[in-house]
Each structure stands twice: as C-alpha cells, then as structure tokens.
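What follows draws every value from the coordinates through simple rules; no lab data is involved. Note that the coordinates shown come from a computational prediction; the quantities given were computed from them, not determined experimentally. In this analysis, Cβ positions are derived from the backbone assuming ideal geometry, glycine residues included, and neighbour counts consider all displayed protein chains.
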Amino acid sequence: MPRRVRAFESHDFYCINCGKKGIPISRKSGHQHGAFHRKAMYCPYCKHTINHIECRNQEEKEQFINDFLAGKYKEEAELGLLWEKEHPRYQNILKELK
Ligand SMILES: [Zn+2]
C-alpha cells in the first residue's frame, strides 16, 4: 500500500541526463500533474538545469529507470544541454541557484 501523507506529497524527480534522483519537490495533494511530468530543474550531478521526470510511485520510478537505460531520454537530454547554453533565461536560473 502507498504511504499516505495528509497535505503534501513529496515527489521524486529524476534527471534525464544522468538518471539520478534530483531535488524532491513537495506538492499539495490534489494539485497534481499526470505521470512522467517534465520539469526543468537544476541537477547537482550534471551541474546543469535540465528536464527531470516526475515519478510519483515505485512503479513510475522503475518505468523511468527502464526507459532511461533504454536510451529513451538520451536525445532530449543532449538537446536540453544545448538549449541551456544558448538561452539566457536558463543562464539566469543558474545564477539564482548559485
Ligand atoms: Zn543529472
């Protein structure tokens, strides 16, 4: 049975570039995105702002890891890293995080 949390749920985000777990975000229950929602956030391992995939439970986590290992996100990750270098908006986000 899934763990129940009254008001907030912590969702895990996994970096599409390295596949590691990023910074968890607490969301209000009931205010949720669908499965495998993407969010651009800073990966402390890659040292880049890049899309992360939201995994809400163990099943989605395993699905992500399988997809990641199969190379599903490889192209997107490469594009994301290029995009970051060329877009000042992302540079500003990085500055704020430092
Ligand atoms: Zn990463």
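Quick look at the numbers
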| quantity | calculated |
| --- | --- |
| Residue in the stretch 17-35 that is within 12 Å of GLY80 (Cβ to Cβ) and either among the aromatic types (Phe, Trp, Tyr) or touching a helix residue (DSSP H, G or I) at 6+ places or on another chain (Cβ under 8 Å) (or both) present | yes |
| Wholly enclosed strands (runs of 3 or more DSSP E) of the stretch 17-80 bearing at least 3 residues within 14 Å of the ligand (Cβ to nearest atom) and surrounded by 16 or more Cβ atoms within 10 Å (Cβ to Cβ) | 38-43, 48-55 |
